[in-house]
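Comments concern the structure below.
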Amino acid sequence: MRRISVLGATGSIGRQTLDLIARAPDDYEVVALTGGRNLDDLAAAAVEHRAALAVTCHPELADDLKDRLAGTGIETAAGPEAVREAAMRPADWTISGIVGAAGLAPGLDVIRRGGTLALANKETLVCAGPLVMQEVAAHGATLLPVDSEHSAVFQALVGEEMSAVERIVITASGGAFRDWPIEDLAAATVEQASSHPNWDMGQRITIDSASMFNKALELIETKEFFGIDPARIETVVHPESLIHALVGFTDGALMAHVGPADMRHAIGYALHWPDRRPLPVERLDLAKIGQLTFREPDLRRYPALRLARSVMDQGGLAGCVFNAAKECALDAFIEGRIRFLDMAAVVEDVLTRMSGQGTLQMTMTDLDTVLDTDRAARTVAAEVIRTVQAKG
Ligand code: NAD
Ligand code: MG
């Protein structure tokens, strides 16, 4: 029996994790499940998986969750601190499928108890990569990538030394607007940005795919997780989304990871690591697929990629500022306050203003420094967004 906790259990990643666990219920004991406002799904999952603890991150929903699970013997709690306590509970394997910088503190809690953390929450590494990797080493924790590209690289590296790696190529689907004329992007709606051509994911990451902010976060995640010089990280647009990443070695060989666009592969690989077990994913028929295509990303279409380069070069807290500004810009776009292309302009402006303040020179010492920078960046972003709105 392995003890499992799922942070963000009601989201796209969390549900797919529980789907895998439900296929072999005798192998797992569910310790903690956390979620947000969707108490119907959280309570149902807690009952189905006989979780010991169910937590919502919203303190005001404490009584509601308690009432729903009354008589089941399942412990309940609410609020960000309760999510952290859930992360601290001993478990053999914990996945973080929380969306946004909110995943950072609970992820670090898992690391600091020396646990195994399967990390879908890319923001953890974007905001605080050096701190996170330092803590993993200090506490003997295990960090397993769940983002499909990073899982692909991780798998291509089995049995290899990083010294033999010349480059990492991260593929990008190109998102919802990859074939749109650039002039039309300014008028793109939230609804249009919320449908992905290949992947079925949460709304925020789907919109981030259309703007390529998702890929930008993933480039930074690659740098932090694999400790590779950013100049050796490449991006290529691959509309079929079947090759998730490639690793180029010093002898010129490229190892590609090919698989269906189904996150249960990356989640399942992390769940069974270092073994491989059968997974309920489609087996690709390459002859039927016929061809795989690649093209260079157009930086005019995807300014987020250019910004990611500058963030990687700056290092320090630039990733934290970048992510916080991106989260605010995304909220503002979803709420109809700014337009699609304004998101990149807002993030660039926040990065410029905060690098001017010298904030980025702060050393990556502790979680509080990161969280303070996150808050400061959100204040600056709110100001920038108001300016953009005022201009109409
Ligand atoms: P989602 O929106 O579907 O689910 C997010 C989960 O986090 C929900 O359970 C929600 O209740 C919880 N949550 C939201 N705000 C929270 C907060 N402030 N505190 C605690 N919990 C909170 O998101 P998703 O698509 O499953 O993505 C989750 C993470 O995984 C993101 O970082 C995303 O970038 C990454 N990821 C997702 C996919 C995918 O296929 N969905 C693929 C790769 C990486
Ligand atoms: Mg990804």
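Pairing residues of the range 1-14 that are at pLDDT below 95 with residues that are assigned to a strand (DSSP E or B), at Cβ distances under 9 Å and at least 6 apart in sequence or on separate chains, gives MET1/TYR28; MET1/GLU29. Within the range 255-292, take every residue that is of a type in the set (Asp, Glu) and within 21 Å of PRO197 (Cβ to Cβ) and give me the one that is surrounded by the fewest Cβ atoms within 10 Å (Cβ to Cβ). Among them, the one singled out is ASP285.
Going through (1) within 23 Å of the chain's Cα centre (by Cα); (2) more than 16 Å from ligand 2 (Cβ to nearest atom) one by one, ILE95 falls short only on (2).
Taking the range 298-315 as the range and being surrounded by fewer than 19 Cβ atoms within 10 Å (Cβ to Cβ) and touching a Ser or Thr at 6+ places or on another chain (Cβ under 8 Å) as the test, only GLN314 passes.
Residue by residue, here is whether (1) surrounded by fewer than 24 Cβ atoms within 10 Å (Cβ to Cβ); (2) among the small types (Gly, Ala, Ser); (3) within 23 Å of ALA304 (Cβ to Cβ); (4) in contact with a strand residue (DSSP E or B) (Cβ under 9 Å, 6 or more places away or on another chain) holds:
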position: PRO90; (1), (2), (3), (4): yes, no, no, yes
position: ILE95; (1), (2), (3), (4): no, no, no, yes
position: ALA102; (1), (2), (3), (4): yes, yes, yes, no
position: VAL110; (1), (2), (3), (4): no, no, no, yes
position: HIS150; (1), (2), (3), (4): no, no, yes, yes
position: PHE154; (1), (2), (3), (4): yes, no, no, yes
position: VAL169; (1), (2), (3), (4): yes, no, yes, yes
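Here is the figure for the range 126-148: residues that are of a type in the set (Ser, Thr, Tyr) and under 14 Å from the mean Cα position of the chain (by Cα) total 1.
Just one of the listed residues (LEU279, LEU286) is within 16 Å of ligand 1 (Cβ to nearest atom) and not basic (Lys, Arg), namely LEU279. Scanning the range 324-340 for residues being under 20 Å from LEU125 (Cβ atoms) and either in contact with a strand residue (DSSP E or B) (Cβ under 9 Å, 6 or more places away or on another chain) or not hydrophobic (A, V, I, L, M, F, W, C) (or both) gives a total of 2. Looking across the range 179-212, not a single residue is away from ligand 1 (no atom under 15 Å from the Cβ) and under 17 Å from the mean Cα position of the chain (by Cα).
The values are calculated or read from the model by the stated rules, or taken from the named source; none is laboratory data. These numbers were taken from a predicted model, which means no experiment stands behind them. For neighbour counting, all protein chains shown are included, and Cβ atoms are generated from backbone atoms with ideal geometry for every residue, glycine included.
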